[in-house]
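J.: Could you have a look at this structure, given as structure tokens, before my questions?
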Amino acid sequence: MAYGEKVLDHYENPRNVGSFENANNVGTGMVGAPACGDVMKLQIKVNDNGVIEDAVFKTYGCGSAIASSSLLTEWVKGKTLAEARQIKNTQIAEELALPPVKIHCSVLAEDAINAAIADYQKKQTI
Amino acid sequence: MSEQTANKSAASNSAAAKAKQKPIYLDYSATTPIDERVVTEMLKYMGPDSHFGNPASRSHSFGWDAEAAVEEARKQVADLVGANPKEIVFTSGATESDNLAIKGVAHFNQKRGKHIVTCKTEHKAVLDSCRQLEREGYEVTYLDPMPNGLIDLKVFEDALRDDTTLVSIMHVNNEIGVIQDIAAIGRICRDRKIIFHVDAAQSAGKVDINLDVLPVDLMSFSAHKIYGPKGIGALYVQRKPRVRLEAQMHGGGHERGMRSGTLATHQIVGMGEAFRIAKQEMTAENERLLKLRNKLYDGVKDIEEVYVNGDMEHRIAGNLNISFNYVEGESLLMALNNLAISSGSACTSASLEPSYVLRALGRNDELAHSSIRFTIGRYTTEEEIDRAIENIRVAVEKLRNLSPLWDMYKEGIDLNSIEWAAH
Ligand SMILES: Cc1ncc(COP(=O)(O)O)c(C=O)c1O
């Protein structure tokens, strides 16, 4: 599989790799399945103003899956939850120039941010 | 400078960097380079000043010379595997040989029965030939191998029926390198008068084959797996007792009617020379390859959660297939981009398909997705193995630091206890 420059860049130098301790202001989204060959874990740290002040990821998957989640952490930082929810898989796919067979990686990234936001919001209602 | 040109020059810079650093080739089961000695022989049958004639031309020396060369090559191929030259039919490769053997025998014997037995770990050339026969109304039993990749003879025997006309089992598996006991399988077939075909694309020149005593009726060969040219192969068709099959290619009646088409003299000469060299050098070469393979394995086996796929005893010297658990195969290939290797996990479709061979061994999804095949060959050096080991260790560590599954494993979480959302 030949990859584009941006995928390679994120793959070689992934941004924001890591994990947060579980806390009330942290939302965690884990999507995908080992059986399908990719699992993404995205965590966001949200401040009192509802702004994502930090984000980290870990991904098991192909280069496009790693690049999609790495790019996602860059994009969500500084965004409000409402803004972050607007991120669409098509934008990720376009930015990384993903080939058609890798579009599902960007779909997974979109699922991951939505899952992380949902997890955070669930914690706030308890 | 616009962004586009900036990208372009970055791309060409890295392309230049890549061209400088040629990857280490560890994919000898995919194909091999042509041995220089083979190239030299082939060139004698190509240019205007060469013996370029059509071996079927009976009226001049161009034809006679080409025919003599083809017959010499036929003998060289036969010699490596203990066959009579008259039992060798040249084809375009093992794919064609498999098709000819399987469809040819099934069609010829359809009045006797329409049941075929094969194994789930066969090459696609065998599996898809069988699928085609199923569409034509044949029944095929696809055996599950044991977890080590070998066939359980009891399971095999139980699968045979009165209407079974053909068994097709490969000698050496292309992904995991395990060697099947074709002598034992063949004896069972003989007892029941079932025709036995063996795909030997990955075993010729690597494992001793003596068809003079082996109970095998048909055997497929390919030249490009043992330092010959691509696009040429052969099918061994036993003469005593005579195995009959229906031709799949019709035309001028070449190769005793079994495979029409002008013989590709230079390719055939190349195959002959490659088989001659293999016969001469196989023992010494296997010894060297085994040392390199063991060195490679010793260099990575202490990494946590590393699993060898396939039996380590009944295995060719040049193959090592390992799963690096919790690391996905394609990203590992990317991290090892200075190694030319192949992954069992083909992440090319929306639904990622792990290797069907590893799945047939009963490997779970994570292990099947994390497998890498290293195949070592004639031009592999010890220094290359050292470099490969170092690269693998760095890459696995990097990707495990990125892997949420690795974290979960380290925390003692059973991945099977989690309800994953399939996508
Ligand atoms: C076991 C096996 N059978 C058949 C083939 C097909 O051989 P060829 O490329 O000569 O058609 C291969 C090689 O890909 C192989 O490994």
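J.: Considering each residue of region A:3-23, count those that are away from chain B (no Cβ under 11 Å) and either charged (D, E, K, R) or within 17 Å of B:Glu411 (Cβ to Cβ) (or both), and give that number.
T.: Total satisfying the criteria: 4.
J.: Could you tell me which residue of region B:97-109 is nearest to the ligand (Cβ to nearest atom), considering only residues that are within 21 Å of the chain's Cα centre (by Cα) and not small (Gly, Ala, Ser)?
T.: B:Asp98
J.: Something else about it: For residues that are under 23 Å from the mean Cα position of the chain (by Cα) and of a type in the set (Phe, Trp, Tyr), scanning just region B:298-337, find the one that is farthest from the other protein chains (Cβ to nearest Cβ).
T.: Going through the qualifying residues, I end up with B:Tyr307.
J.: Hey, another quick one. Would you point out which residue out of B:Ser29, B:Ser57 is part of a loop (DSSP other than H, G, I, E, B), within 16 Å of the ligand (Cβ to nearest atom) and at pLDDT 95 or above?
T.: Matching residue, one of B:Ser29, B:Ser57: B:Ser29.
J.: Only helices (runs of 4 or more DSSP H) wholly contained in region A:7-115 count here; list those with 2 or more residues that are under 18 Å from B:Lys398 (Cα atoms) and free of Cβ contacts under 8 Å to residues at least 60 places away in the same chain.
T.: Qualifying helices (runs of 4 or more DSSP H): A:63-76.
J.: I would also like to ask the following. Would you point out the residue of region A:29-59, among those that are over 18 Å from A:Arg15 (Cβ atoms) and more than 10 Å from chain B (Cβ to nearest Cβ), that is surrounded by the most Cβ atoms within 10 Å (Cβ to Cβ)?
T.: For region A:29-59, the residue satisfying everything is A:Val46.
J.: Here's a follow-up. Any residue in region B:128-137 that is part of a loop (DSSP other than H, G, I, E, B), more than 14 Å from chain A (Cβ to nearest Cβ) and either within 16 Å of the ligand (Cβ to nearest atom) or more than 25 Å from the chain's Cα centre (by Cα) (or both)?
T.: Yes - at least one qualifying residue is present in region B:128-137.
J.: Being within 24 Å of B:Thr262 (Cα to Cα), modelled with pLDDT of 95 or more and in a helix (DSSP H, G or I) narrows it down to one residue among B:Val89, B:Val105; which is it?
T.: The conditions single out B:Val105.
J.: So, in region B:373-393, exactly how many residues are in contact with a Phe, Trp or Tyr (Cβ under 7 Å, 6 or more places away or on another chain) and either part of a strand (DSSP E or B) or within 13 Å of B:Leu339 (Cα to Cα) (or both)?
T.: 2
J.: If you take the residues in region B:166-176 that are touching a residue at least 60 places away in the same chain (Cβ under 8 Å) and either in contact with a Leu (Cβ under 8 Å, 6 or more places away or on another chain) or within 14 Å of another protein chain (Cβ to nearest Cβ) (or both), which one is nearest to the ligand (Cβ to nearest atom)?
T.: My answer is B:Glu175.
J.: A further question follows. Filter region B:68-91 for residues that are over 21 Å from the mean Cα position of the chain (by Cα) and among the β-branched types (Val, Ile, Thr) and give the result.
T.: The answer is B:Val70, and nothing else.
J.: So, one more: What is the one condition in (1) surrounded by fewer than 24 Cβ atoms within 10 Å (Cβ to Cβ); (2) among the charged types (D, E, K, R); (3) within 16 Å of the ligand (Cβ to nearest atom) that B:Asp199 does not satisfy?
T.: Single failed check for B:Asp199: (1).
J.: From the residues in region B:110-124 that are over 20 Å from the mean Cα position of the chain (by Cα) and either of a type in the set (D, E, K, R) or within 8 Å of the ligand (Cβ to nearest atom) (or both), which one is surrounded by the fewest Cβ atoms within 10 Å (Cβ to Cβ)?
T.: B:Lys111
J.: Considering each residue of region B:217-248, count those that are in a loop (DSSP other than H, G, I, E, B) and touching a residue at least 24 places away in the same chain (Cβ under 8 Å), and give that number.
T.: 19
Yes/no per residue for (1) more than 29 Å from A:Glu5 (Cβ to Cβ); (2) in contact with a Lys or Arg (Cβ under 9 Å, 6 or more places away or on another chain):
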site	(1), (2)
A:Asn16	no, yes
A:Glu21	yes, no
A:Lys41	no, yes
A:Asn89	no, no
A:Asp119	yes, no
A:Thr125	yes, no
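J.: Look at region B:357-372 and say how many of its residues are within 14 Å of another protein chain (Cβ to nearest Cβ), of a type outside the set (Lys, Arg) and in a helix (DSSP H, G or I).
T.: Matching residues across region B:357-372 total 6.
J.: Right, here's the next one. Can you say whether B:Arg256 is more than 20 Å from B:Thr141 (Cα to Cα) and among the basic types (Lys, Arg), as far as the supplied structure shows?
T.: When the stated conditions are applied, B:Arg256 passes them.
J.: Residues in region B:400-423 that are more than 8 Å from chain A (Cβ to nearest Cβ) and crowded, with 17+ Cβ neighbours inside 10 Å: how many?
T.: Residues meeting the conditions: 3.
J.: Could we say that B:Ala94 is away from the ligand (no atom under 16 Å from the Cβ), within 25 Å of the chain's Cα centre (by Cα) and touching a residue at least 12 places away in the same chain (Cβ under 8 Å) here?
T.: Spelling it out, it is not the case that B:Ala94 is away from the ligand (no atom under 16 Å from the Cβ), within 25 Å of the chain's Cα centre (by Cα) and touching a residue at least 12 places away in the same chain (Cβ under 8 Å).
The values are calculated or read from the model by the stated rules, or taken from the named source; none is laboratory data. Please read all numbers here as calculations on a predicted model, not as lab measurements. Every residue, glycine as well, gets a Cβ built from its backbone with ideal geometry; the counts of neighbours run over all protein chains shown.
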